[in-house]
Amino acid sequence: MKELRGKMRLVGALIVCLFIGLGAWYGYTVYSQGSVWASNPYNTRANGTTAHMGDITDRDGNLLAHTASDGTRQYLTNEASRRALSQTIGDQMGMSGTGVENYYSSTLLNISGSLLDRLRSAFSGEERVGSSIQLTIDGELTAYISSIFPEGKNGAVCLINYRTGEVLAWVSKPDYDPADLLDGSTEGDDIADTAFLNRCLQGLYMPGSTFKIVTLAAAIEADPNVLNQKFLCSGSWDYEGGTIVCAGGAVHGEVDLVTAFTKSCNITFGKLAYQLGVERLRATAENFGFNENFKFGDFMIYNSVFPESVPNVGGLVWAGVGQGEVLATPQHMAMIAGAVANGGVMMKPVLVKRIENSMGVATHTLETSVYRQAMQPSTAELLARAMYETVQSGTASRAAISGYTVCGKTGSAETSDDKSVPTNAWFVGFIRDESKPYAVAVVVEQGGAGSTVATPIGRQALEKAIQVVG
Ligand SMILES: [Zn+2]
């Protein structure tokens, strides 16, 4: 009997221990996983009955997403504008993972409070009102850029303020209509596979000749006298193990580096990369942010790549002209152009201008900060002049805007070995003006030549930014 009582006491103690353990585990998981659970699209409590998701507005305060009194989430009434902003804003199903609706769901639902708040809201049925988020995005600018993007083509346009790092527009094609997901009418039938991707952040492209900005920076920083060196372009160059040619069968003759840059001479830049060596070229690329683990806080972005090693001369020559294993996102290329404009200083990109809680109290306001010194100010000055010449008399002449100093670089990146697929058309550039500090990156997949296809889009986007961004 005594033995039995002892055993019962032991079992009782064990049950109490398990109960305490379970309670502790519950508390811990609510604390550590609460945001993830609450923002899960399958959590119906969060999506209507108990939470009122906050507003998303653009930089001018225009509503981009809000929750109606019946609890449904509403986006812009104009379908084209809704589509233009689709990947930036995201959707209720979380299909566009980088979208604000998804990435900031815990803020919009106000579930990032204290442990006590979380436990209370987990048990109570009270409606919680989320914080509202004002973005740095200009809705009108974004809708305009989307409207001028070539019909039926895929690609991206990213426009930033290079002095503050603010993202002013992201356009990614194909796009989708978030309202379709809400009413479930299309069940995704008409939505292209990659429409949920924000190509500005998740599109890793070979930058092609826009990368010559980095190669030229590496050369200038290694020896500023390189600008006096002459290179010979006879239309093709046989390096050890392969051949490189200039686009369209061009023969540029004897050229200095700035002339080669304005005409986008592949042979000169291939030779330059060979002369520099892979270590110096990689070191400069890494100063510009290649191979960095990008953690910007306001959004997710893929890392850009410069190869750790090149297997042969060809690998180095092609890296110098932004082909082969070199990969970058449009957002990063806009930041590179912006760093040239900003005296070599690359600003940390920001997407959120202000967060207000349900009482209208600001809990976050825009902070701008330097991300890195990508190059010496003197190098930035020389590059800006070379990019200005490229607009004045080179391949980016279609970027010129009357009354403004526009600097740019084109690219036509090969995506196949046998030229069977049209090149990706690139343009990166900026306005050199303290009051209109805008930089842009454009990529049109399989669009053809950067000079004729991407450059006019870049110019129109910058012109619109001059008009509408306040
Ligand atoms: Zn050439």
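The values are calculated or read from the model by the stated rules, or taken from the named source; none is laboratory data. Source: prediction; values computed, not measured. So basically every Cβ, Gly included, is an ideal-geometry build from the backbone, and we count neighbours across all protein chains shown. Just so you know, the surface numbers come from the protein's heavy atoms only, side chains and all, with ligands and any DNA or RNA stripped out. Shrake-Rupley method; radii C 1.70, N 1.55, O 1.52, S 1.80 Å.
Quick notes
- Options Ala260, Ala285, Ala273, Ala247; residue that is within 33 Å of the chain's Cα centre (by Cα), among the small types (Gly, Ala, Ser), within 22 Å of Pro207 (Cβ to Cβ) and more than 16 Å from the ligand (Cβ to nearest atom): Ala285
- Residue within the stretch 266-279 that is part of a loop (DSSP other than H, G, I, E, B), within 26 Å of Ser309 (Cβ to Cβ) and not aromatic (Phe, Trp, Tyr) present: yes
- Checking each residue in the stretch 294-334 for being within 19 Å of Val428 (Cα to Cα) and open to solvent by 10 Å² or more (accessible area, probe 1.4 Å) picks out Ile301, Tyr302, Asn303, Val305, Gln323, Leu327.
- Residue check, Gly320 on the phi > 0 side of the Ramachandran plot and of a type outside the set (Val, Ile, Thr): no
- Condition check for Phe290: more than 16 Å from the ligand (Cβ to nearest atom), touching a residue at least 12 places away in the same chain (Cβ under 8 Å) and either under 17 Å from Ala413 (Cβ atoms) or open to solvent by 20 Å² or more (accessible area, probe 1.4 Å) (or both): yes
- The numbered conditions (1) in contact with a Gly (Cβ under 9 Å, 6 or more places away or on another chain); (2) of a type in the set (Val, Ile, Thr); (3) under 14 Å from Tyr162 (Cα atoms) are all true for Ile431 except (1).
- Unmet requirement for Gly314, which otherwise passes all of (1) modelled with pLDDT of 95 or more; (2) out of contact with any Phe, Trp or Tyr (no Cβ under 6 Å at 6 or more places or on another chain): (1)
- Being more than 30 Å from Tyr103 (Cα to Cα) and in contact with a Gly (Cβ under 7 Å, 6 or more places away or on another chain) holds for only one residue in Gly241, Gly253, and it is Gly241.
- For Thr415: the one exception among (1) touching a Leu at 6+ places or on another chain (Cβ under 7 Å); (2) over 22 Å from Met347 (Cβ atoms); (3) of a type outside the set (A, V, I, L, M, F, W, C): (1)
- Per-region count, the stretch 444-458, residues within 17 Å of Val406 (Cα to Cα) and buried (at least 24 other Cβ atoms within 10 Å of the Cβ): 6
- Among residues of the stretch 232-244 being open to solvent by less than 80 Å² (accessible area, probe 1.4 Å) and closer than 11 Å to Ile267 by Cβ, the one that is nearest to the ligand (Cβ to nearest atom) is Cys233.
- Of the criteria (1) under 29 Å from Gly314 (Cα atoms); (2) in contact (Cβ under 8 Å) with a residue 12 or more places away in the chain; (3) away from the ligand (no atom under 16 Å from the Cβ); (4) open to solvent by 30 Å² or more (accessible area, probe 1.4 Å), which one Pro207 fails: (4)
- Condition broken by Val214, with the remaining ones in (1) away from the ligand (no atom under 16 Å from the Cβ); (2) of a type outside the set (S, T, N, Q); (3) open to solvent by less than 10 Å² (accessible area, probe 1.4 Å); (4) over 24 Å from Gly165 (Cα atoms) satisfied: (4)
- Test: residue in the stretch 294-309 that is more than 16 Å from the ligand (Cβ to nearest atom), in a helix (DSSP H, G or I) and not hydroxyl-bearing (Ser, Thr, Tyr): no
- Neighbours by Cβ (under 9 Å, 6+ apart or cross-chain): first from the stretch 138-166, farther than 22 Å from Leu76 by Cα and in contact (Cβ under 8 Å) with a residue 12 or more places away in the chain; second open to solvent by 30 Å² or more (accessible area, probe 1.4 Å) and part of a helix (DSSP H, G or I): Pro150/Val453; Lys153/Val453
- Count of residues meeting criterion [within 13 Å of the ligand (Cβ to nearest atom) and either of a type in the set (Asp, Glu) or without any contact (Cβ under 8 Å) to a residue 24 or more places away in the chain (or both)] in the stretch 218-231: 0
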